[in-house]
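Comments concern the structure below.
The values are calculated or read from the model by the stated rules, or taken from the named source; none is laboratory data. Please read all numbers here as calculations on a predicted model, not as lab measurements. Here Cβ is always computed from backbone atoms with ideal geometry, including for glycine, and neighbour counts include all displayed protein chains.
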């Protein structure tokens, strides 16, 4: 729901809902344009009084997204700049990958957090696969071998996992909740990786650059 729809649902004004969100009483996620969106399930929980209970078993999706993205800065990104596959993309493509990577982190976390909402999860997965398709095509365009394409993808996967571990420890999440987060994010990212490699293989075959004798190399 938009913030306007959520306010109508709850019968409060926008300043009140923003304050509740900032206080962690009701989760929200941000669109790429910076607009808040709310799940009806979370709003119903607030109305029912569930949000007044201790929040140790809940994770704020925006906080987890921000934590994941911050893990890509400084030394981790500097190390990537020294890799051949990173340099092969060029400045313009590197910037596009950064933009899509931030979007992918947000999609993965939302996917993991929206269990029981199959239609929404399917829509998130469609967008994630489209990003994977782009990664595959750009890998061929940059002249990467299949091993390099996979290495690049996995390199930027690790900070998200590290961020989730940090939040789980800080929030003292129950084992079942923590497992659901990991399983959901792994499932989403695996589907994106599969889409990337399908697109990569298809574009390499079109370009006639497939080396049948060395499927794992350049």
Item checked: Evaluation of residue 83 against (1) over 23 Å from residue 173 (Cβ atoms); (2) in the same structural domain as residue 151 (by TED's automatic domain parsing); (3) at pLDDT below 85; (4) out of contact with any helix residue (DSSP H, G or I) (no Cβ under 7 Å at 6 or more places or on another chain) (one fails), failing number -> (3)
Item checked: Pairs where the first residue, in region 149-175, is closer than 24 Å to residue 137 by Cα and the second is surrounded by fewer than 14 Cβ atoms within 10 Å (Cβ to Cβ), C-beta under 8 Å, 6+ apart -> 151/83; 152/83; 155/83
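Looking only at region 18-42, how many residues end up being in contact with a helix residue (DSSP H, G or I) (Cβ under 7 Å, 6 or more places away or on another chain) and over 23 Å from residue 104 (Cβ atoms)?
So in region 18-42, the residues in contact with a helix residue (DSSP H, G or I) (Cβ under 7 Å, 6 or more places away or on another chain) come out as 25-30, 32, 36, 38.
Checking the rest, the ones that are also over 23 Å from residue 104 (Cβ atoms) come to 25-26.
Total satisfying the criteria: 2.
For region 46-61, what are the residues that are part of a helix (DSSP H, G or I), surrounded by fewer than 17 Cβ atoms within 10 Å (Cβ to Cβ) and at pLDDT 60 or above?
Across region 46-61, the qualifying residues are 47, 48.
Evaluate the following for residue 137: is it in contact with a helix residue (DSSP H, G or I) (Cβ under 7 Å, 6 or more places away or on another chain) and touching a residue at least 40 places away in the same chain (Cβ under 8 Å)? Walk me through how you get there before you give the answer.
Details: in contact with a helix residue (DSSP H, G or I) (Cβ under 7 Å, 6 or more places away or on another chain): yes; touching a residue at least 40 places away in the same chain (Cβ under 8 Å): yes.
The answer is yes for residue 137.
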Notebook entry, point to check: Of the residues that sit in region 188-204 and are surrounded by fewer than 15 Cβ atoms within 10 Å (Cβ to Cβ) and within 20 Å of residue 158 (Cβ to Cβ), which one is farthest from the chain's Cα centre (by Cα)?
Noted result: 194
Notebook entry, point to check: Is one or more of the residues making up region 67-77 modelled with pLDDT of 65 or more, assigned by TED's automatic domain parsing to the domain that holds residue 180 and part of a helix (DSSP H, G or I)?
Noted result: yes
